[in-house]
Amino acid sequence: MTPHVRTAALTLAVLLTATACAKAEAPQSAPAAASTAGQQVVQSPSGSAGPTCTLDQFGGTKFDLKTATVGFSQSEKEANPFRIAETKSIKDEAAKLGIANLKVTNAQSQFSKQITDVQQLIAQGVRLLVIAPLNSDGWEPVLQQAAAKKIPIITVDRKINAKACSDYLTFIGSDFYEQGKRAADRMIEALNGKGKVAILLGAPGNNVTTERTNGFKDRVKEKAPGITISFEQTGEFAREKGQQVTEQLIQSNPDINGIYAENDEMALGAVTALKGAGKEPGDIKIVSVDGTRSAVQGIADGWLHAVIESNPRFGPLAFETAQKFLDGQPIPDKVIISDRDYDTGNAKDSLGEAY
């Protein structure tokens, strides 16, 4: 199934989920089913009916998306394939829907700039904000200004620590804690439940890093007491930093058996460091999260053991959710998607679906 078809299927799923506001949770312990289907399944919170929001509850007024000014705030430099694919998805879907005035900003990985970017979008008269937050905290100035003008905010891929249906409308993204657990399962599998593991932490200050770390650690503690986490350091979700940290890791922990990288860019940086140290593919087992084409190729080449997908194609989800909200239908406070796994069994055949 091509990425375009996967996106269409995903959009249909969110429509069905938001309408019902309840859906049985797809078993996260069986990601192979999602891989076989070639699509993500959208879930409501905890697999049951959760808090919802309507236009009347929010207190806003209906407007036409096609003629309104819509703002998208990207958080990080678009050297990361995740961010490239995310922004492209927003732009492509806006063009497909005939949204004539989409304003896109990029904070270049600077939180103060992202706050300023969004404030400027508000000043320019946006009626809807889609935000990929760099950090989860510190959004009070933006939230106050948006609330004063009743501008709905949809956050994608990272959460804002605030109140749904008041400070913002909804969050759309993956279950990052579950991603951490699934990454741990793959590491346990790779090491047969024994060994020393290093964690390349994501950037501090956001829920993605926290939840991917906690999910991994909790699963290891639960399932594999023979695995020791002997090294943790932030690689800031960046390839260069991931390489630098891994170079330090090899020096300080030469007996390390596995590396859990909390995104693919850091994992690929780790591969560069391992190659530079004379390591062979598979000497140190690497598990990461994202699903970029380069990382999936890394599995095929033997350098990565497994990758847990975190799909960035939020354009159809974001705009379909916004339209349903404007049509007066209830929107869940969060829409959680179930991502697939890549491993040696499917990496070569799945390269076309990676981003």
task = Within segment 123-132, track down each residue that is more than 22 Å from the chain's Cα centre (by Cα) and buried (at least 18 other Cβ atoms within 10 Å of the Cβ).
result = V126, R127
request  = May I ask you to list the residues in segment 337-355 that are of a type in the set (V, I, T) and buried (at least 23 other Cβ atoms within 10 Å of the Cβ)?
outcome  = I337
task = Would you check which residues across segment 230-264 are out of contact with any Pro (no Cβ under 8 Å at 6 or more places or on another chain), among the acidic types (D, E) and touching a residue at least 60 places away in the same chain (Cβ under 8 Å) and list them?
result = E262
note = Within segment 155-170, the count of residues that are part of a strand (DSSP E or B) and farther than 20 Å from R340 by Cα comes to 4
ask   = Only one residue in A184, A198, A190, A203 is among the aliphatic types (A, V, I, L, M), crowded, with 19+ Cβ neighbours inside 10 Å and in a loop (DSSP other than H, G, I, E, B), so which one is that?
value = A203
message = Just to be sure I understand the filter: pairs with C-beta atoms under 6 Å, separated by 6 or more residues or on different chains, first member in segment 296-317 and modelled with pLDDT under 95, second member acidic (D, E) and surrounded by fewer than 22 Cβ atoms within 10 Å (Cβ to Cβ). Which pairs pass?
response = none
key: Residue identified as among the β-branched types (V, I, T) and either on the phi > 0 side of the Ramachandran plot or more than 18 Å from the chain's Cα centre (by Cα) (or both) among T292, T246   = T246
remark   = The residue from Q114, Q108 that alone is assigned to a helix (DSSP H, G or I) and either modelled with pLDDT of 95 or more or on the phi < 0 side of the Ramachandran plot (or both) is Q114
Qualifying residue in segment 133-148 (condition: surrounded by fewer than 22 Cβ atoms within 10 Å (Cβ to Cβ) and in a strand (DSSP E or B)) = no
inquiry  = Looking at the structure I just gave you, is D157 of a type in the set (D, E, K, R), in contact (Cβ under 8 Å) with a residue 60 or more places away in the chain and surrounded by 15 or more Cβ atoms within 10 Å (Cβ to Cβ)?
reply    = yes
request  = Could you tell me which numbered condition I286 fails, if it satisfies all but one of (1) touching a residue at least 40 places away in the same chain (Cβ under 8 Å); (2) within 22 Å of F176 (Cα to Cα)?
outcome  = (1)
message = Quick check on segment 157-166. Is at least one of its residues closer than 17 Å to L55 by Cβ and touching a helix residue (DSSP H, G or I) at 6+ places or on another chain (Cβ under 8 Å)?
response = yes
message = Within segment 177-186, does at least one residue satisfy the condition of being within 20 Å of the chain's Cα centre (by Cα) and among the polar types (S, T, N, Q)?
response = yes
query = Can you tell me which residues in segment 74-86 are crowded, with 20+ Cβ neighbours inside 10 Å and out of contact with any helix residue (DSSP H, G or I) (no Cβ under 8 Å at 6 or more places or on another chain)?
reply = R83, A85, E86
note = Given (1) within 24 Å of G328 (Cβ to Cβ); (2) in contact with a helix residue (DSSP H, G or I) (Cβ under 7 Å, 6 or more places away or on another chain), F176 misses just (1)
query = In this structure, does N257 turn out to be under 19 Å from the mean Cα position of the chain (by Cα), under 23 Å from T344 (Cβ atoms) and either modelled with pLDDT of 95 or more or among the small types (G, A, S) (or both)?
reply = no
request  = Would you be able to tell me the number of residues in segment 88-109 that are surrounded by fewer than 15 Cβ atoms within 10 Å (Cβ to Cβ) and farther than 20 Å from L317 by Cβ?
outcome  = 2
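The values are calculated or read from the model by the stated rules, or taken from the named source; none is laboratory data. All values reported here derive from a predicted model rather than from experimental measurement. Here the Cβ is made from the backbone with ideal geometry for all residues, glycine too, and neighbour counts use every protein chain on show.
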